[in-house]
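First the structure, in the form of structure tokens, and then the observations on it.
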Amino acid sequence: MMFATKKAIRRAELRQIVPLSDSTIYDLEQRGEFPRRFYLTARCVVWDLTEIEEWIHQRRRASESSLIQRAPLPDVRQRKARPVRQ
């Protein structure tokens, strides 16, 4: 049986490619929005590099087509420190 995985990467390599926190990656995985990790051994989890690269390309396409909603800008008038003068 043949598998498509060419290279598996560990967490340190993943963090160099995808600049997200571990908790954000975990949340995305749980929602099905990020490639799932898999176990090589009882203590070693890895990700498929091909799946990670494809996810990045999908995110780029979604960003360029404005499918990703950006967070709203904060209302600076509500700041406690350094309030904006009107």
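The values are calculated or read from the model by the stated rules, or taken from the named source; none is laboratory data. From a predicted model like this one, the values you see are computed outputs, not experimental measurements. Quick reminder, even Gly has a Cβ in these numbers, built from the backbone with ideal geometry, and neighbours come from all protein chains shown.
Report, by residue number, each residue of the range 36-84 that is polar (S, T, N, Q) and closer than 22 Å to residue 6 by Cα. Walk me through it before giving the result.
The first filter runs over the range 36-84 and keeps only residues polar (S, T, N, Q), leaving 41, 50, 58, 63, 65-66, 69, 78.
Those that are polar (S, T, N, Q) and closer than 22 Å to residue 6 by Cα: 41, 50, 58.
Scan the range 34-86 for residues that are under 25 Å from residue 14 (Cα atoms), assigned to a helix (DSSP H, G or I) and not acidic (Asp, Glu) and jot them down.
The answer is 49, 50, 52, 55, 56, 57, 58, 59, 60, 61, 62, 63.
Of all residues in the range 34-50, those that are exposed (fewer than 11 other Cβ atoms within 10 Å of the Cβ) and basic (Lys, Arg) total 1. In the range 1-17, of all residues being under 12 Å from residue 51 (Cα atoms) and in a loop (DSSP other than H, G, I, E, B), the one that is modelled with the highest pLDDT corresponds to 7. Among residues belonging to the range 69-86 that are at pLDDT 75 or above and aliphatic (A, V, I, L, M), point out the one that is surrounded by the most Cβ atoms within 10 Å (Cβ to Cβ). Among them, the one singled out is 76.
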